[in-house]
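What follows is one structure encoded as structure tokens, with my remarks underneath.
The values are calculated or read from the model by the stated rules, or taken from the named source; none is laboratory data. Bear in mind that the values here come from a model prediction, so they are computed numbers and not experimental data. Every residue, glycine among them, receives a Cβ derived from its backbone with ideal geometry; neighbour counts consider all protein chains shown. For accessibility, only protein heavy atoms count, side chains too; no ligands or nucleic acids. Shrake-Rupley method; radii C 1.70, N 1.55, O 1.52, S 1.80 Å.
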Amino acid sequence: SLRMAEQLLPDGKVFAVDVQDEMLERLKANCERFGIRNIEPVKGTQYKTGLKPCSVDIAIMVDVYHEFEFPHEMMTDIAKAMKPGGRVVLVEYRKEDPTVPIKEVHKMSQLQAKKEVEQAEFGLRWTETIHVLPRQHILIFTKSWIE
């Protein structure tokens, strides 16, 4: 969040969603420490992000999606928070690559991600997969302009 906030200056804002109060407090302390004023910590739940409808241009989840206890409910809420044309970005360890040294439960294949995120009710379509990281893929889904 801290690195993204700097890239969005002067007018951009980062909504940093977490379910843990401890992590949100840590973020607030780091924002104060570094003088960052364009991050808004948002308390989410296992079911909802806490974001307002049509309020987000891009949602970036790094090694997060596979941890959702209720992925359908979370994606429903994330999709509602996305502006038309907005993008949802999943960075996940490649399940397709058996040499990635991490537990299988923490990996996600492109096929699995597409199957879960492209459900009709979300209005999200896979746009591209970026292969620049050594162990993870970056999957980008775009919110449709028409609902």
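Classify the stretch 26-147 as rounded, prolate or oblate from the Cα gyration tensor: take a ≥ b ≥ c as the square roots of its eigenvalues, call it rounded if a/c is under 1.5, otherwise prolate when a/b beats b/c and oblate if not.
Note, shape of the stretch 26-147 comes out oblate.
With springs only between Cα atoms under 10 Å apart, run a GNM on the chain and tell me which of A59, A120, A79 wobbles the most.
Answer for the Gaussian network model of the chain: A120.
Report, in degrees rounded to the nearest 10, the 0 to 90 angle that the Cα long axis of helix 71-81 makes with the longest principal axis of the chain.
That helix lies at roughly 50 degrees to the long axis.
Pop out the carbon and sulfur fraction of the accessible area of the stretch 13-52 as a percent, whole number, probe 1.4 Å.
Ligands and nucleic acids excluded, carbon and sulfur give 48 percent.
May I ask you to evaluate 6.51 cos²θ - 1.76 cosθ + 1.60, the Karplus curve with θ = phi - 60°, for each residue of the stretch 105-110 and list the ³J(HN,Hα) values in order in whole Hz, giving x for glycine and proline?
5, 9, 10, 8, 7, 4
In terms of the Cα gyration tensor, with a ≥ b ≥ c the square roots of its eigenvalues, is the stretch 53-95 rounded because a/c is under 1.5, prolate because a/b exceeds b/c, or oblate?
Working: a/c = 3.02, a/b = 1.49, b/c = 2.02.
Here the stretch 53-95 falls in the oblate category.
Please find, in a Gaussian network model of the chain (springs between Cα atoms separated by less than 10 Å), the residue of G50, G86, G35 whose mean-square fluctuation is greatest.
Between G50, G86, G35, it is G35 that shows the largest mean-square fluctuation.
Show the residues, 5+ positions off or on another chain, whose built amide H is closer than 5 Å to the amide H of F15.
E40
Give me the net charge of E128's neighbourhood, meaning all other residues with Cβ under 13 Å from the Cβ of E128; Lys, Arg count +1, Asp, Glu -1.
Neighbourhood net charge equals +3.
How large is the accessible surface per residue of the chain, computed with a 1.4 Å probe and reported in Å² as a whole number? Numbers along the way, then the final one.
Values: 9330 Å² over 147 residues.
Spelled out: the 1.4 Å probe surface of the chain, per residue, equals 63 Å².
Restricting to bridges with both residues inside the chain, how much of the DSSP beta-bridge set is antiparallel, in percent to the nearest 5?
Beta bridges within the chain, antiparallel portion: roughly 50 percent.
Provide the per-residue ³J(HN,Hα) series for the stretch 128-145, in order, calculated from phi with Karplus coefficients 6.51, -1.76, 1.60 and θ = phi - 60°, each as a whole number of Hz, with x at glycine and proline positions.
Those phi angles translate into 6, 10, 9, 10, 10, 9, x, 10, 10, 10, 10, 9, 10, 10, 10, 6, 5, 7 Hz.
Please list, in order along the stretch 31-47, the HN-Hα scalar couplings obtained from phi with the Karplus expression 6.51 cos²θ - 1.76 cosθ + 1.60 (θ = phi - 60°), rounded to whole Hz, x for Gly and Pro.
Coupling constants for the stretch 31-47: 4, 5, 4, 9, x, 8, 10, 10, 10, 10, x, 10, 7, x, 10, 5, 10 Hz.
Going highest first, how would you order 9-16, 36-43 by mean Cβ packing within 10 Å?
36-43, 9-16
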